[in-house]
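Trainee: Please find one structure pasted underneath; my questions will follow.
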Amino acid sequence: MTILSGGLNPQRYETVLVTGALGPGEGSFEHLAVANGARVEQVASLGPELRLKDDLRSLLTMIRIMRRYQPDIVHTHTAKAGMVGRLAAWIALGRRPVVVHTYHGHVLTGYFGPTTSRIFRGIERALARITDRLIGLSQATVDDLVTMRVAPQHRFRVIPTGLHLDPFSQSERSDGAHIRAEFGVSDDDFLAVFVGRLVPIKRVDVLLRAVAHARETGTSMRLLLVGDGPLRAELEQLANTLGLSGSVTFLGLRFDMPSIFAACDVAVLTSDNEAIPVAMIEAAAAGRAAIATDVGGVAEVVTSGTGYLVPPGDAAAMGNCLVHAATHRSELVEKGRVARENVMGRYGSGRLIRDLEGFYEELLSERAHNGGKRISGPVP
């Protein structure tokens, strides 16, 4: 979002980024959008949790913002902001803008019980009817949403994420020496890094058990956990129970990820659901292979040539893979080299901006051709 807010052609697009409150353990990159020249509007009542009064207040604020700016395109992201933003566009504007929503993943399976999941699927289907186009960051995400009848296939477009990868691709292993020294990681230690929120869907408990399994084989390994969240205290207790207090370090939020990936030997991911693994892309740009669960769009980033895939929820399989990687360092280095080559062209910020500018132009042209009516057919 910050890349788009500051990266679109300023001769063609004036961008307003509307942001809400952060959830526990989340960091803000709003400053990047401001640095790139975007205008930012904050809606303090808009947060990730469901709170009826705050959500209604957010909707009213968004309606006022829509009426003030009269946008030609409304592009929403994330579940809550996507709901509020699309409803506000539908209510506020007589001259309907082009409305686009990006699924960075979805919470329609794996997060809630069956009844709540059915309700959320019904809400997403209703919102899709007032949305001109839907974007998925991976084909796996789009396939899931089509299967759940959120919208038909022709309403979707797969546009992979785009990231500022140069700081990662320009890093060398020596750039991480101070990180290893800071946390007492020796040259012989095998260092794995996890990056993500400490929430149930990430299954960090599985990762901790995998590290314990690997260490039981005699593998000298360490784990750095980057990120925060509601499960931190529980996971710290689990690490202690497993005898990992000297082997696992919880770093919290960090903003020196190029150095952290430069320091590590492998990036790890144990999620039960993942649309597109951003941390794996950044690690690949830094020349690091990955060990990750084969869920969602992960296999679009982590392949047999760039890392290892394991079944979700299987701590023994993850642990065995860690042992294999630790004892086959040259193989791991080669996979990291291939990983860097693979991601630089596919997931760079320039490619994302080109893709979306072209996509916006198609939609605006089709809207003009239809006399300003809602777009209903497939993109030509």
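Each reported figure results from applying straightforward, stated rules to the coordinates on display, with no laboratory input. Computed from a predicted structure; not experimentally measured. FYI the Cβ positions are ideal-geometry reconstructions off the backbone, even for glycines, and counts take in every protein chain you see.
Trainee: When you take every Cα atom in segment 166-346, what is the radius of gyration, and what is Dmax, the widest Cα pair distance, in Å?
Mentor: 14.5, 43
Trainee: With a cut-off of 8 Å between alpha carbons and a minimum separation of six or more residues, what is the relative contact order of the chain in percent?
Mentor: Relative CO of the chain lands at 16 percent.
Trainee: How high is the relative contact order of segment 166-346? Use alpha-carbon pairs under 8 Å, at least six apart in sequence, and give a whole percent.
Mentor: Working: 355 pairs, mean separation 47.2, N = 181.
Averaging sequence separation for qualifying contacts and normalising by length gives 26 percent for segment 166-346.
Trainee: Beyond 19 Å, what share of the Cα-Cα pairs of segment 144-269 is found? Please give it as a whole percent.
Mentor: For segment 144-269, the share of Cα pairs beyond 19 Å comes to 56 percent.
Trainee: Hey, got a sec? Which chymotrypsin sites (Phe, Trp or Tyr not before Pro) in segment 195-283 land in a DSSP loop and have at most 15 other Cβ atoms within 10 Å?
Mentor: Values: sites: 250, 255, 261; in loops: 255.
Counting only loop positions with at most 15 other Cβ atoms within 10 Å, the chymotrypsin sites (Phe, Trp or Tyr not before Pro) in segment 195-283 are 255.
Trainee: Report the normalised scattering of the chain as log10 I(q)/I(0) at q = 0.06, 0.08, 0.11 Å⁻¹, calculated by the Debye formula with identical scatterers on the alpha carbons.
Mentor: With no solvent term, the Cα-only Debye profile gives -0.24, -0.43, -0.81.
Trainee: Enumerate by residue number the trypsin sites (Lys or Arg not before Pro) in segment 254-354 meeting two conditions: DSSP loop (anything except H, G, I, E, B), and at most 16 other Cβ atoms within 10 Å of the site's Cβ. Don't jump to the answer; show the numbers that get you there.
Mentor: Details: sites: 254, 288, 329, 335, 337, 340, 346, 351, 354; in loops: 254, 288.
Filter output for segment 254-354: 254.
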